[in-house]
Amino acid sequence: MANHSNQIFNDLALEILAKLPVKSLKRFNCVQKFWLNLLENPDFKSMYYENLKSKSAHSSPLLLWRECSKSTGNVYGNNVHLLSEKRYENIVTLVMPSLFEGYDDSSCVLDCVNGIICHYVEGGTNIEIGLWNPKTDEHKIIPPSIIINDEPGFHGHVTVQGFGYDNMNDDYKVIHCAYYMYVYNGIFLEEPTLRIWQIYSLKDNCWKKLDLEMTKTTNINKASVAYLNGVCHWWGSEFATNGFEEQVLVSFNLSTETFQTTSIVWLQINDAHPTRSLVVLNESVTLISSFDEDSRIEMSILGEVGVKESWVKLFTFTLGPFSDLRIPTVRMGNKCDIIFFIRNDSNELASFDVITGKVIHNINIKTLMFSTWIYKESLLSFTKEIN
Amino acid sequence: MSGISDTERMITLKTVEGTLFDVKSSIAKDLKTVQAFIDDSDDDVTSPIPLPNVFTRELSRILDYLNNHHRFRSGIEKADEEMARYDAEFAKSMSHEELKALILAANYLNVKDLLEFLNQTVADVIQNKSVEFVRNFFGIENDYTPEEEEKLRNENEWAFNGVEQD
């Protein structure tokens, strides 16, 4: 090709690069000097962001769950909604079936995969888990798992950890963990010293013990789990060789029923202890870190699961004025935007721009805690599958 | 002339080789460079509009794409599937050189949707390719020293896993 065309093509190349996953971009750092660390170039970052936005599921509604705590008197009404339209102005309230016969139990939503919502109510040694398809209005209460533990002095606590679709086996699965903590003289000892992991298969309609020593999970908050392409991801912590506890991403493959961990040590800066939320952005696991010290939010994409060096910082912006960013629930909208509280003193939600940190749309919903997922309708009938 | 609506007007375009193409004005609207020329002309454009940077092969492809997409968009049910199939075939039918030539032509003529599609097609092609392949594809000279490049490769070792053979 003539030199002239080559030059024009070079300029057009950036438009093409802006469509690539971060792994490819990092590799192509080596092509020429101008392509080194392109994501740090504000113009390119803008192009990259525009692409993410156009690829986002902006035409699918956003499912929003909010905490509804009758016991504390903070009743904001029903707690599951579908938000649609350009400014999230169309809010449809869904009536989630209850997990306990006869009364409204204000369950929490764990995740929403392929239009199926997994919700639960925790209660110490008991947990009730249900699967619900709002489109067909089918609801299935998952049978309880049978955990036998006869060790004296141990007190159990069950928590649900992951829900997702096993694409290899066309099955939906739920993962939960039973912690057994040793009670001595009426006091719980800090470390749960026994962990039993179990997996439920919708196809088999039963639980199965997992013979794995998965890392302990950090305090489960609603923003620490994410499902993507047959893998459930959550926060865990491990004891490193130096004896210190460090946070890791645990990625559990639903078909092979094995897991791997990815350290986030490469993301740590000095002594900063940000609050972290796990989300999915453009088919990649993404970490949103909120730094209370300077009201800053950072979004980092994981280039390759299992590779700690592959965390790539994508967006950094400042929310203002916030004096407390330790609230963990920073979530994604459906337009490559962030959903968070509009102000420090307000319980009202808003959509924020990830380049400027400014509010784009107000969302007419108030809550104390919430979570969001992209919702794609499903016609899956799962009550017929089991006998 | 009165009574003739805009969509019936034909515009004539002339490629580098001198080939003439008659194009409906509704299609010409998608060639923003051409449309700008028409808008800027004081009189009705009757003589062929010369396109000094566009070859027959490329213009033919571009018009084919636009004609098909206009057809798909004109209200048939299930057009999305047909359009996706057409797009896939369209992309596959070209060699890398032809793809690059078409991008240049679409860029010159400012055909936004087609350019977007072509850029995505190239992104899909190069996503898992090697650094050498990409240099070759874009005609880029390596301006790193061997030491600099080696250092970069080591720092980003993980990004080189699973790269397709050239």
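Odds and ends about this structure:
- Proximal lysines to A:LYS335, defined as alpha-carbon separation beneath 17 angstrom and excluding residues fewer than eight positions away on the same chain: A:LYS19, A:LYS45, A:LYS53, A:LYS55, A:LYS86, A:LYS358, A:LYS376
- Counted by Cβ distance under 12 Å from A:VAL359, the other residues give a net charge of 0, where Lys and Arg count +1 and Asp and Glu count -1.
- Derived scalar couplings between HN and Hα for the stretch B:61-68 equal 5, 4, 5, 4, 4, 5, 4, 5 Hz in order, rounded to whole Hz, by the Karplus curve 6.51 cos²θ - 1.76 cosθ + 1.60 (θ = phi - 60°), x for Gly and Pro.
- Scalar couplings 3J(HN,Hα) for the stretch A:125-131, obtained by applying the Karplus form with A = 6.51, B = -1.76, C = 1.60 to θ = phi - 60°, are 7, 10, 8, 10, 10, x, 10 Hz; x denotes Gly and Pro.
- Peptide B:79-90 - average C-beta neighbours from other chains (10 Å radius): 0
- Local charge for B:GLU155 was computed over the other residues whose Cβ lies under 12 Å away, with Lys and Arg +1 and Asp and Glu -1, and equals -1.
- Remark: mean inter-chain Cβ contacts per residue of B:100-109 equal 3, using a 10 Å Cβ-Cβ cutoff to other protein chain atoms.
- Neighbour-limited loop hits for GluC sites (Glu not before Pro), the stretch B:78-160 (at most 11 other Cβ within 10 Å; DSSP other than H, G, I, E, B): B:GLU141
- Summing +1 for each Lys or Arg and -1 for each Asp or Glu among the other residues whose beta-carbon sits under 14 angstrom from that of B:GLU164 gives 0.
- Qualifying trypsin sites (Lys or Arg not before Pro) in the stretch B:1-109, DSSP loop, other Cβ atoms within 10 Å at most 14: B:LYS78
- In the protein assembly as shown, the calculated helix contribution to ellipticity at 222 nm averages -7000 deg cm²/dmol per residue, counting -39,500 (n - 2.57) for every DSSP H run with n ≥ 4.
- Straight-distance candidates among the lysines for linking to A:LYS173, with alpha-carbon spacing under 16 Å and chain neighbours fewer than 8 residues away dropped: A:LYS140, A:LYS203, A:LYS208, A:LYS209.
- Residue-averaged beta-carbon neighbours from other chains (10 angstrom radius) around A:18-26: 5
- Distance between the stretch A:92-146 and the stretch B:55-106 - C-alpha centres, whole angstrom: 47
Every read-out reported here was derived from the displayed coordinates using simple, explicitly stated rules and does not represent laboratory data. Computed from a prediction, not measured in an experiment: that's the story for all the values here. Every residue, glycine as well, gets a Cβ built from its backbone with ideal geometry; the counts of neighbours run over all protein chains shown.
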